[in-house]
Amino acid sequence: MAHDHHFKIGGLVWLWRYTRLRGTAAGWTIWPGSKKGWKKPRVLIDQRLTGRPRLETEIHEAIHVCFPQMSEEAVVAAGRDISKVLWALGYRLTDAS
């Protein structure tokens, strides 16, 4: 079952969906027109993630949306560092709906 949210980021309304992803990816950022037939921007997060890995993936994909010019290496490093700070400050998911 997918859990959908919508966020306006950079002038676009992004679908933010939690769903089961195939393969090893924890998340995907999909820009309009980047996949055949996908006209709306979306972020997909693997619904099986919990705890800090989920927080890190959410931050990672949000960085891709906000800063599409950043290299994957920079996004990985920033997502990891930001999630460590937020986790240490006590940020936790309290309502998954």
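List of remarks:
- Qualifying residue in segment 39-58 (condition: surrounded by fewer than 10 Cβ atoms within 10 Å (Cβ to Cβ), at pLDDT below 95 and not aromatic (Phe, Trp, Tyr)): yes
- Within segment 3-13, tally of residues that are touching a Pro at 6+ places or on another chain (Cβ under 9 Å) and in a loop (DSSP other than H, G, I, E, B): 1
- Scope segment 14-68; condition touching a helix residue (DSSP H, G or I) at 6+ places or on another chain (Cβ under 7 Å) and part of a loop (DSSP other than H, G, I, E, B); matching residues: Ala26, Leu49
- Verdict on Leu93 being outside any helix (DSSP H, G or I) and surrounded by 15 or more Cβ atoms within 10 Å (Cβ to Cβ): no
- Positions within segment 69-90 being in a loop (DSSP other than H, G, I, E, B) and over 22 Å from Trp14 (Cα atoms), in sequence order: Leu89, Gly90
The values are calculated or read from the model by the stated rules, or taken from the named source; none is laboratory data. These figures come from a predicted structure and were not determined experimentally. Because the Cβ atoms are built from the backbone with ideal geometry, glycine has one as well, and the counts that use them run over all protein chains shown.
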